[in-house]
Amino acid sequence: MFEDGGRWFAMAAIGFMVLVPAGVGVAMLAAVVLRVSRARRLAASGQRAKAVVVDNRQRSWSEGRLTFAPVVQFVTPSGAEVRTVLDDMEGNVSHVAGTVFEIVYDPARPEAALRATPTGGRVATTVVFGLLFLGFAAFVLCFFGPLLLGSSIIPGLDLTGFGDESGFGGESGFGDESGYWEGLSGLVHSTSGAGR
C-alpha cells in the first residue's frame, strides 16, 4: 500500500493529528472535572461571605480581545481583610465597583475564593471545546487511520487503490479512477442497491 518510508511518515502525521487534539480535549475536560469538584467541595464545607468588587483584573488576548475578572474584598470571621480575584467570573464585560457577590472560600486559603452561585458558562464552553477536540481526533483516527491498514470502517468502501502508483499517494494523483473515486463509486452503488 504505502512504501515503508511513506507509511511511517503517514503514521507519524496521523498520530500527531490524533494525539495532540485528543490530549488538549482530555486536558480541558479534566480541568472542568477539577473545577466542578472544587466548587462542590467548597459549597459543601466552605465559609460564605459577602465580597465587594473593588477593581477589575484586565487581560488582553490576541486580536485585541480583552477579558475582565472582578477583584473583590471581603472580611473573614476572624477580622482579616482579604483581597482576591474571582477567576471563575472572568468575562468580556468589566464589573462595576461596589457590586456585592456572595462567595465561598476555604478558611485555610481565603484567597482562592469562588462565587457561591456559579454561572456555569465558562464550564459549558470548556466542555464543548474539549468534546470538539476529541471529536476531531476521533474523526482523523476513524477516517484516515484505516488508510494505513488498507481497510475501511465504512462497509462497501474499497480502499485498494490508495497509496499505490495509481491511487492516493501515487504518481497519477488523488483522483485516478483506480483509486479513491472508484472506491466511492462502489460505496454509492452498494448503498443505493441496499435501499431498494
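Read the figures in this text as sums done on the coordinates, not as results from a lab. None of these values were measured; they are calculated from a predicted model. Neighbour counts are summed over all protein chains in view; Cβ atoms, including those assigned to glycine, are modelled from backbone coordinates with ideal geometry.
Before moving on, here are some points about what is shown:
- Qualifying residue in the stretch 104-112 (condition: touching a helix residue (DSSP H, G or I) at 6+ places or on another chain (Cβ under 6 Å) and surrounded by fewer than 16 Cβ atoms within 10 Å (Cβ to Cβ)): no
- Scanning the stretch 77-102 for residues that are surrounded by fewer than 16 Cβ atoms within 10 Å (Cβ to Cβ), over 12 Å from T67 (Cα atoms) and aliphatic (A, V, I, L, M) returns A80, V96, A97, V100.
- Against the criterion of being touching a strand residue (DSSP E or B) at 6+ places or on another chain (Cβ under 8 Å) and surrounded by fewer than 13 Cβ atoms within 10 Å (Cβ to Cβ), L34 does not qualify.
- Here L141 fulfils each of the conditions (1) surrounded by 14 or more Cβ atoms within 10 Å (Cβ to Cβ); (2) part of a helix (DSSP H, G or I); (3) without any contact (Cβ under 8 Å) to a residue 60 or more places away in the chain apart from (3).
- Pairing residues of the stretch 33-62 that are in contact (Cβ under 8 Å) with a residue 60 or more places away in the chain and within 14 Å of T84 (Cβ to Cβ) with residues that are surrounded by fewer than 15 Cβ atoms within 10 Å (Cβ to Cβ) and not acidic (D, E), at Cβ distances under 6 Å and at least 6 apart in sequence or on separate chains, gives Q47/P107.
- Among (1) of a type outside the set (S, T, Y); (2) more than 18 Å from R40 (Cα to Cα); (3) in contact with a Ser or Thr (Cβ under 7 Å, 6 or more places away or on another chain); (4) free of Cβ contacts under 8 Å to residues at least 40 places away in the same chain, the one test that E111 misses: (2)
- The requirement of being within 31 Å of the chain's Cα centre (by Cα) and over 30 Å from F101 (Cβ atoms) is fulfilled nowhere in the stretch 54-67; no residue meets it.
- Candidate set: the stretch 51-76, residues that are of a type in the set (G, A, S) and either closer than 13 Å to R115 by Cβ or touching a Cys at 6+ places or on another chain (Cβ under 7 Å) (or both); chosen: the one surrounded by the fewest Cβ atoms within 10 Å (Cβ to Cβ): A69
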